[in-house]
Each structure stands twice: as C-alpha cells, then as structure tokens.
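Notes for the one structure printed next.
The values are calculated or read from the model by the stated rules, or taken from the named source; none is laboratory data. No experiment lies behind these values; they were computed from the predicted model shown. Areas reflect the complete protein model, heavy atoms only, side chains present, ligands, DNA and RNA absent. Shrake-Rupley method; radii C 1.70, N 1.55, O 1.52, S 1.80 Å.
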Amino acid sequence: MLTEIVGGIVSPVLKIIDKVVPDQAERDRIKLEFLKQENQNLLEQTRLELSAILAEEQSPDPWTSRARPTFLYVIYFVILSCMFGGIVGIWFPESMNQAANNINALLRAIPDSLWSLFGVGYLGYTGARSVEKWKMSTK
C-alpha cells in the first residue's frame, strides 16, 4: 500500500522540481537524489516486511510456519472425507445415513465462534496470498 502512495507522490514532486529549479543540470541532479531516496525508502520497507517473514520462517518452533497450512489441510481432509462418504453411500445407504446423522451432530456441536475463526482465517490467508501474488505479477 505504501508503494502506491509513494508512486502517487513521486510524479507531482518531479513536476514541482521542473517548475522550481531553472537550471537543467541542477534539476536532473535533484531529481536523481530524490529518486535515490525514494528507492532507499522502498528498499527499507521491503527489508522490514521480509524480516518479519524470515523471523517466522527461522523460528525453532515448527508450528510457527506450518500452523496455517496444517489447519487448512485438516479442513480439506474433512471435506474430502465427506465427499468420499457420499460416494460410498450409494452402495450402503442405511449405514451412510446413520454416519451422516452422526457427522451432522458432531459438526453442530462445534461452536459458531470456531466456525467464524475458520472463515476469517481461511479468507484472510487466501486473500493475503492473492494480493501478494497480484502485486508480484504487476512488478
């Protein structure tokens, strides 16, 4: 987000430099220094963002970097198990009906706040990854 703000500021500042500084050589030198400083600021921002990611990745706790994907894999397993059970239910409808009732009762026993947490976590994780990939593709 900061890069969009900085990108929106750079162009007007360069235009102001063009109008304020009369000497072409001095104007080019000032623009170059300004752009160097902006690049340094963006580089520092990127370093800060990467340092948080690297700190998480280098953590001695294995769950620090794997907790979100593991949670999603568990949910994927539950969904796939339900689909598999539906297919098997073609040949054993009475047993599958009882199993479906049992699973339904178990899923209803999970508090709504936990379902909300899953939804927020899942949407937040996938949304952040999508934005990250979109930003990388625009560069």
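A few comments on the model shown:
- Whole-number accessible area per residue in Å² for the chain, which is evaluated in the context of all protein chains at 1.4 Å: 81
- Sulfur and carbon atoms: percent of accessible area, the chain [1.4 Å]: 67
- Taking 0.36 nm per residue of sequence separation and removing the Cα-Cα distance, the Leu107/Glu33 pair yields an extension gain of 20.5 nm.
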